[in-house]
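The values are calculated or read from the model by the stated rules, or taken from the named source; none is laboratory data. This is a predicted model, so every value here is computed, not measured. No Cβ is skipped: glycine too gets one built from the backbone with ideal geometry, and neighbour counts run over all protein chains shown.
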Amino acid sequence: MDTKDKIKQVGQEVIDLLIEKNESYGDSALEPANVFADGSAVDNLCARIDDKLMRIKTQGFRGYGEDNIKDLIGYLILLKIALREEEEGFKLKNWQEDILREH
């Protein structure tokens, strides 16, 4: 297996993990329930990433039998999506405000 195939294989593993968790938890990463935490999707994902990095720091890459690297990559993908959605929302809001100012 060449490097390209390895990249595709690992990428697919992360995609499968994200889809599995999305089916289990719904869109809680991008649409947080904010029962205990009161932050945006970006804020909450950054907190999860911090927690995962602390776990890697204290327990290593495979602490408690988890694949912390795969989890971290998954959280970073979700953060990328949340940042994109936040930016799109910002652009939409600005566009709406521009329309209202013109009328």
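Taking interchain pairs and intrachain pairs at least six residues apart, which have beta carbon atoms under 9 angstrom, with the first residue in the range 75-103 and under 17 Å from Asp27 (Cα atoms) and the second modelled with pLDDT of 90 or more and basic (Lys, Arg)?
Tyr75/Arg48; Tyr75/Lys52; Leu78/Arg48; Leu79/Arg48
One line per residue, one yes/no per condition, for (1) modelled with pLDDT under 90; (2) in contact with a His (Cβ under 6 Å, 6 or more places away or on another chain); (3) among the hydrophobic types (A, V, I, L, M, F, W, C); (4) under 20 Å from Val14 (Cβ atoms):
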residue	(1), (2), (3), (4)
Ala41	no, no, yes, yes
Phe61	yes, no, yes, yes
Tyr64	yes, no, no, yes
Leu83	no, no, yes, yes
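Among the residues of the range 17-46, which ones are surrounded by fewer than 15 Cβ atoms within 10 Å (Cβ to Cβ) and of a type in the set (D, E, K, R)?
Within the range 17-46, Glu20, Glu23, Asp27, Glu31, Asp38, Asp43 meet the criteria.
For residues that are within 24 Å of Phe36 (Cβ to Cβ) and touching a Lys or Arg at 6+ places or on another chain (Cβ under 9 Å), scanning just the range 47-69, find the one that is surrounded by the most Cβ atoms within 10 Å (Cβ to Cβ).
Among those residues, the one meeting the criterion is Asn68.
Among the residues of the range 23-64, which ones are outside any loop (DSSP other than H, G, I, E, B) and in contact (Cβ under 8 Å) with a residue 40 or more places away in the chain?
Ala41, Val42
Out of Val14, Val35, Val42, Val10, I need the residue that is under 18 Å from Tyr75 (Cα atoms), of a type in the set (Val, Ile, Thr) and more than 15 Å from the chain's Cα centre (by Cα). Which one?
Just one listed residue meets the conditions, Val10.
Looking at Leu76 and the list (1) modelled with pLDDT of 95 or more; (2) at positive phi, which single condition is not satisfied?
Leu76 satisfies every listed condition except (2).
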